[in-house]
Amino acid sequence: MLEETGPEWLSEEVKTGTTIIAIEFDGGVVLGSDSRVSAGASVVNRVMNKLSPLHDKIYCALSGSAADAQTIAEIVNYQLDVHSIEIGEDPQVRSAATLVRNISYKYKEELSAHLIVAGWDRRDGGQVFATLNGLLTRQPFAVGGSGSSYVYGFVDAEYRRGIRKEECQQFVVNTLTLAMNRDGSSGGVAYVVTIDEHGTEEKVVLGNQLPTFFDQ
Amino acid sequence: MALSNIFETPTPGFNFDNTARNAALEGLFNGGNTPKAMKTGTTIAGVVFKDGVVLGADTRATSGEVVADKMCAKIHYISPNIYCCGAGTAADTEKTTDLLSSNLAIYSLNSGRNPRVVMAVNILQDMLYRYHGQIGANLILGGVDCTGNHLYTVGPYGSVNKVPYLSMGSGDLAALGILEDGFKPDLELEPAKELVRAAIKAGIMNDLGSGNNIDICVITKQRVDYIRPYQESQYKDNRKIKYKYRPGMTPFLTEKVVPLKLEVVQESVQKMETA
C-alpha cells in the first residue's frame, strides 16, 4: 500500500553519488568521472556525463547534489564567458576555480556540491584545483565524491609526477574502475576528458571495456 | 480574518505563509491525519524515435489511498512542438507547466518562431532550482525543434538529464525494465508507440499508484498526435443508470410570490458629454 508520507522519489533529492578525479600530467590534465545519478536507492540516470565544460580548455567535475552542481557549473560558465571577453583572451584555470570557489564559499550553508576544476592555460600549463567547502587549493591530483574514499590509498601510492598522457589516461580509468567496483553510488560508464595545449579530447569507456581486477 | 484579505491585492510571487499555518495545523492533528495533497503517483515515459518523440502516461491521480481522478491528463501542452509529462504533486505540475506554456507563448509572439526544447528546459530548471524542491514537480519534456528531437527530464530540485528514453513516477522502475529491454536508436513510429504503451502498461500493472487508461502523445516535425486514451483499461465499470439529473426534475412543493415595494427617493439626470 502507499505510505502516508508518499513515495520516496518525491522527497529524495537527486544526488550524483559519484567518483570524480582529475590528474595533472606533463603538458596537461586528465579528468575522469563515473556516470551514475541516484535519488535514494533508485538510479535516475545511468549515463550522465559529470565532466562539464566551463570553457574551451577548462572543465569541472560535478559531485554532490545534482541540481546544485549543475547550477554552479552553468553560472560559472556564464561568468567565465563574460570574463574572457573582458580580458580579450582565454581565461586562466585559476580564475575559473576562483569563481567556483566564490559561489561555494558564499552559499556554503545552502549548497551541497563539490566541484573539481581542471584545465590548461598558457601561463601555468595543466592545473587541478579542489574547491571543497569553499577552499581553493592547487594540487597535482584531486579525487572527489562518495567513491573517492575507496581509492585514496591507490592514488596516493601510484601517482608519479611528470607521467605521459596515455599513462595518465590509463591511471584515471583504473582508479575509476576500482572506485565503481566498491562504491554502490558510483557506476555505469567512465567519461574521460584530456586537455592539453593542442585541444580537448572527450572519451567514453563503456562498462565492458573497463579493466578487470582480481575480484572479477 | 478571512474578510480583510479579500480587499488586499496579493503580493507577487510565491507566498510561503501557509507553510507556517500547515505546521501549526499538523500539531493539532497529533501527527499523521492531515489531508494529503493530490499526487499523481504515476507512470510516465518518453522515447526518442527516428522522426520525433513519443510521450506516454497513465491517467490515475491519487489522494492518499483514494483514486481522486480516473481520467487525469498528465501530458500537458507547452507549445505546438513541445509537450510535457508531469509526476509529483498534481497542482504543482499543472501550474508549473501552465506558467511555462504562457511564457513560451509570449516568446513565440515576440520572436515569430516556435520555442526550442532546450529553452523550455532552462526556464523550468531555473524556476525549480529557485524554489529548492518546494515545488514537487518531476517533469519529462519532449519535443521537436529545428535542432532535432529531444527528451529531457527535470527534477524537483532543478537537476536536468538529457537522455534518449526514460520513465518517471512511482511506476518508473517497472516501465524502465521494458524500455531498457526494447529500446533501439532510430525506431520507427509504430514500434516506438508500442514500446511506450508496453512500458506504461508495466507501470500500471505493477504499481498501485498508477492505473486506468494510457495516454500517448506523438510529436513529429509535421504534426502532433495526442491520443487520449490510447488504450482503455480493461477493468472499467459499467454504470447501470445515468447519475446526471436533467434540469427541471426537482418538484415544486409550494410557491409564494412576495412583491417588493420600492419607492423612488431621488432621481437625477446627467447629460453625457459627447463633444
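Worth pointing out:
- Remark: segment B:153-275 projects, on average over all directions, an area of 22.4 nm² (convex hull of Cα atoms).
- 13 Å beta-carbon shell around B:ASP145, net charge (K/R +1, D/E -1): +3
- Of the DSSP H helices in chain B, those whose Cα atoms cover at least 24 Å axially and whose Kyte score averages 0.0 or more: B:189-206
- Kirkwood hydrodynamic radius of chain A, from inverse mean 1/r over distinct Cα pairs, in Å: 17.5 Å
- Quotient of Cα Rg and 2.2 N^0.38 Å for the protein assembly as shown, N being how many residues it contains: 1.21
- Our summary of shape: the Cα atoms of segment A:9-110 have principal axis extents of 46, 32, 19 Å, ordered from largest down, in whole angstrom.
- Cα-based equivalent ellipsoid of segment A:58-145: semi-axis lengths in Å, sorted from largest, via gyration tensor: 20, 15, 10
- Dipole of the protein assembly as shown, positive direction: furthest Cα of A:ILE72, B:THR59, A:ILE163, with charges on the beta-carbon: B:THR59
- For chain B, a Kirkwood hydrodynamic radius built from all Cα pairs, placed in the Stokes-Einstein relation at 4 °C and 1.567 mPa s, yields a translational diffusion coefficient of 59 µm²/s.
- Working from label points 7 Å from Cα in the Cα-to-Cβ sense, the A:GLU158 to A:SER42 distance is 3.5 nm.
- The Cβ shell under 15 Å around B:ARG113 holds other residues with a net charge of +1, Lys and Arg each +1, Asp and Glu each -1.
- Where the Cα pairs of segment B:123-187 fall when distances are cut into 10 Å bins, in %: 19, 45, 29, 6
- 10 Å beta-carbon shell around A:THR19, net charge (K/R +1, D/E -1): +1
- Given R0 = 56 Å, the distance between the Cβ atoms of A:SER149 and B:LYS242 translates into a calculated FRET efficiency of 0.25.
We did not get these values from a lab; they are worked out from the coordinates using the rules stated. From a predicted model like this one, the values you see are computed outputs, not experimental measurements. Here Cβ is always computed from backbone atoms with ideal geometry, including for glycine, and neighbour counts include all displayed protein chains.
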